[in-house]
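To start, the structure itself, in structure tokens.
The values are calculated or read from the model by the stated rules, or taken from the named source; none is laboratory data. The structure displayed is predicted, hence computed values, not measured ones. Note: ideal-geometry Cβ built from the backbone for every residue, glycine included; neighbour counts use all protein chains shown. Accessible surface areas use protein heavy atoms only, side chains included; no ligands, DNA or RNA. Shrake-Rupley method; radii C 1.70, N 1.55, O 1.52, S 1.80 Å.
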Amino acid sequence: MKINKSVSFPLVTVFSLAFSHVQAQQSNPSPDVELFSKAAHVQFGIEKLRLPQNETMGMVGGSYMFKVNETVEVGPAAYGAITGQRGGFFTGGAELALRQNLFANVYGKAGLYAGGGGGGAAAVGGGLMLRPHIDLIWKSGRTEVGLSLSQVRFPNGHIRSNQAGLVVGFDTDFNYTDSSAAGRSFAGVGRGGMGFDRIQLTGGVYQPRHGIADLAAKPYEGSLGYAGFRSEQFLSKNVLWGIEAGAAVKGGADGYAEILGGVAYEVPVLSDSLRLGSRFSVGMGGGGKVPTGGGLIAKAGLYSRVDITPDVFVALEGGLVNAPDGKFKAKYGTLNLGVILDDAGISTADRSIRGMDWAASIQHYVKASRYTGGDQALNTMGLKINRDINRNLFMSAQAHSAFSGNAGGYSVGLAGLGIRSMTSARGLGVSGEILAGAAGGGGVNSQGGAIVQGVAYLSYNLSRYTQLKFGLGRVKSFKGQLNSTVVDATICIPFGVPSK
């Protein structure tokens, strides 16, 4: 294996619920795989928006930017409320930026973010958010800090705010191979892609404390069911960091969503197949009339993990969740199904290249039922991440948010399985996927939040790194009236990453 830092990785603008600032390590030489390394950059920021009626809202954002060259950066980004009265406000989309060195260790950056979302009963109209900005950055090694001047506006809503903010960033590397290397052996300890070592699908309940009511002053009488996913990376043999996202699927809180970052510590008990651990997470949550105030939430819990196979485990977790700026306090419990993606830095045995896709999509709901009555079309933009199980079977995680159709605040999180055919000599292929997850907000009638979606695709390879897909399918709420034909247009980037 050799590392090539001069190869240009074709990019599309995509949204991601995941960011990583841990530097990807380069692997030891292996003669059968060529590993490319693309420079990337992670940036976080915080600023205070002024909303109508002189209301203020603290907002945090994050982006994972690929450096196309010394001047141009592009990548997925997301923003959400952290203080004020709009807990549950989230948007996701993409960022394009230009950077220029001004003098030693100082550079300027100008960029534009475009995304979809809303929530927290904010006046976002159809949900399209634009954020042009200019930044002044001081850089030291692989870390940077700076000042940002930005404007946040919703063209078909009633929010237009100018503000200053603070930003901090970290350089990293995105290591990958050509997708044709999938299945080949890999000798080395380097992480690929964004560097996560394991993922977990989570399903659980929040049990609000007695006497707590929702934002409609209705006391909670039962539990709130939610589902989501967690991605984690080992910092040492026992310490992990990760990100997690979830959304309501039952209990009348459809539209509730959360995104958190956290750390965990786990140790083996009797053997490596049984582990006990503790986890602390903090982030943003709200929507679905859940009283999280400005949106800041924190979780603390204990868990046990049992291996089913060397690559699959289950975990039970329980603890407490609290919204410091709101009234929401609850116990929580989850049952998690985990998959080991890699063991970089721990073992080099049985590692190979696994195929992945990053994809940006536009989806059109032909008729989306509304709580106010009737059906209306809406459009979402989203990110899809697919990871191969074998040559024909893959698992998929997706996030979509509305940007038009009077459904600002409508968001979707999905996970499931897909199957694909071999690509023909003309670059044509067919595939399909069946997904389940949570959706809500924007007045869309997805009562409870749980939905299922199936889509069939026809694909065409534009190049070895770019694929177009056109899909037709159906999205249906388990309890609500949402039941619509879905039309999908997706652009994919296939590549390979080292994997266990």
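The figures follow:
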quantity: All positions within region 455-493 that are of a type outside the set (Ser, Thr, Tyr) and either assigned to a loop (DSSP other than H, G, I, E, B) or surrounded by 21 or more Cβ atoms within 10 Å (Cβ to Cβ) (or both); calculated: Val455, Arg464, Gln467, Lys469, Val475, Phe478, Lys479, Gly480, Gln481, Leu482, Asp488, Cys492
quantity: Single match in Gly169, Gly193 (criterion: under 30 Å from Asp307 (Cβ atoms) and surrounded by 22 or more Cβ atoms within 10 Å (Cβ to Cβ)); calculated: Gly193
quantity: Residue identified as among the aliphatic types (A, V, I, L, M), modelled with pLDDT of 95 or more and either within 17 Å of Ala402 (Cβ to Cβ) or open to solvent by 40 Å² or more (accessible area, probe 1.4 Å) (or both) among Val145, Val124, Val152; calculated: Val145
quantity: Criterion: under 20 Å from Ala216 (Cα atoms) and open to solvent by 20 Å² or more (accessible area, probe 1.4 Å) - qualifying residue of Gly251, Gly295; calculated: Gly251
quantity: Count of region 298-348 residues which are exposed (fewer than 15 other Cβ atoms within 10 Å of the Cβ), in contact with a Lys or Arg (Cβ under 9 Å, 6 or more places away or on another chain) and of a type in the set (S, T, N, Q); calculated: 1
quantity: Failed item in (1) open to solvent by 50 Å² or more (accessible area, probe 1.4 Å); (2) out of contact with any Asp or Glu (no Cβ under 9 Å at 6 or more places or on another chain); (3) at pLDDT below 95, with Ile134 passing the rest; calculated: (3)
quantity: Candidates Ala181, Ala164 - the one that is in contact (Cβ under 8 Å) with a residue 12 or more places away in the chain, hydrophobic (A, V, I, L, M, F, W, C) and more than 19 Å from Gly61 (Cβ to Cβ); calculated: Ala181
quantity: Test result for Phe229, among the aromatic types (Phe, Trp, Tyr), touching a Lys or Arg at 6+ places or on another chain (Cβ under 8 Å) and either at pLDDT 90 or above or surrounded by 20 or more Cβ atoms within 10 Å (Cβ to Cβ) (or both); calculated: no
quantity: Members of region 256-298 found to be of a type in the set (D, E, K, R) and in contact with a Gly (Cβ under 6 Å, 6 or more places away or on another chain), listed by number; calculated: Glu258, Glu266, Arg279
